[in-house]
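Inspection log for the structure reproduced underneath, given as structure tokens.
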Amino acid sequence: MGLTRLRRYPVRLKLEPASITVSSPRLGEVPPEFSCDNEHINHWFRVHSRSEHDGYDCRVKYFYREEVRRELAGFCCISIRREPQSDFVGASFIADRFFDQDRITTVHLRWLAVKSGLERRGLGSIMMGSVVEAAYNVIVNAGAHAITVQHMGPASNALYRKFGFVEYGDNRENKLYLPAQAVLDTIGE
């Protein structure tokens, strides 16, 4: 599946999607230089991305701009989580048959970051397309019920809401989710 399969979200891009390549880091690969406007993300990338990029519960993807010497333009990191059922009580995607479980499986978007100077060009939307496609595979093959994310500010909140994410759980934690059915409807044939 390519990024063009996302039918539901028309996006105006200032970057040519064909100029963006996606790759997973190779085992032992030193991550390229990366810096965004969030020091917490920068720290995780410098210190942990190499050791965690191919772990049991973590997958990292790099997004490169090919027209600029294969410059790292952004990255995303997803993991599989078992989240408390109580956080999702009343959520539209929970069916009665799940109420006997204490936890449900979700795809959690741990990080989505665009390099400083490349913001507001549509790269975040391209990266979210890749996240939604990865989540689709987990939903179909492992039965995950949603994509979850904890947003860090107004720009990320706007991006996630554009893709249909809504609030859940303790609102003080800025938690958003996208139901599995929305992912299936977006990617589906």
TODO: Filter segment 155-189 down to the residues that are within 25 Å of ARG121 (Cα to Cα) and in a loop (DSSP other than H, G, I, E, B), then identify the one that is modelled with the lowest pLDDT.
DONE: ASN174
Task: Residue that is farthest from TRP111 (Cα to Cα) [pool: residues in segment 155-169 that are without any contact (Cβ under 8 Å) to a residue 40 or more places away in the chain and buried (at least 20 other Cβ atoms within 10 Å of the Cβ)] - done: PHE165
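Would you say ILE126 is in a helix (DSSP H, G or I), β-branched (Val, Ile, Thr), at pLDDT 85 or above and under 17 Å from LEU184 (Cα atoms)? Even if it seems obvious, please write down each step before you answer.
Numbers: in a helix (DSSP H, G or I): yes; β-branched (Val, Ile, Thr): yes; at pLDDT 85 or above: yes; under 17 Å from LEU184 (Cα atoms): no.
In short, no.
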Open item on the list: Just the residues that are more than 18 Å from ASN157 (Cα to Cα) and either exposed (fewer than 13 other Cβ atoms within 10 Å of the Cβ) or not hydrophobic (A, V, I, L, M, F, W, C) (or both), please, taken from segment 170-183.
Closed with: GLN181
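Yes/no matrix, rows are residues, columns are (1) outside any helix (DSSP H, G or I); (2) at pLDDT below 70; (3) closer than 22 Å to ARG161 by Cβ:
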residue	(1), (2), (3)
GLY55	yes, yes, no
GLY74	yes, no, yes
CYS77	yes, no, yes
ILE80	yes, no, no
THR106	yes, no, yes
SER116	yes, no, no
SER130	no, no, yes
GLU133	no, no, yes
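Just give me the residues in segment 141-154 being assigned to a helix (DSSP H, G or I) and surrounded by 14 or more Cβ atoms within 10 Å (Cβ to Cβ), in sequence order. Break it down into steps so the answer makes sense when it comes.
Residues of segment 141-154 assigned to a helix (DSSP H, G or I): 141-142, 154.
Hits for segment 141-154: nothing passes.
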Task: Residue under evaluation ARG97, criteria (1) charged (D, E, K, R); (2) at pLDDT below 85; (3) assigned to a helix (DSSP H, G or I); (4) over 19 Å from ARG82 (Cβ atoms), criterion not met - done: (4)
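The values are calculated or read from the model by the stated rules, or taken from the named source; none is laboratory data. All of these numbers come straight from a predicted model, not from anything done at the bench. In this analysis, Cβ positions are derived from the backbone assuming ideal geometry, glycine residues included, and neighbour counts consider all displayed protein chains.
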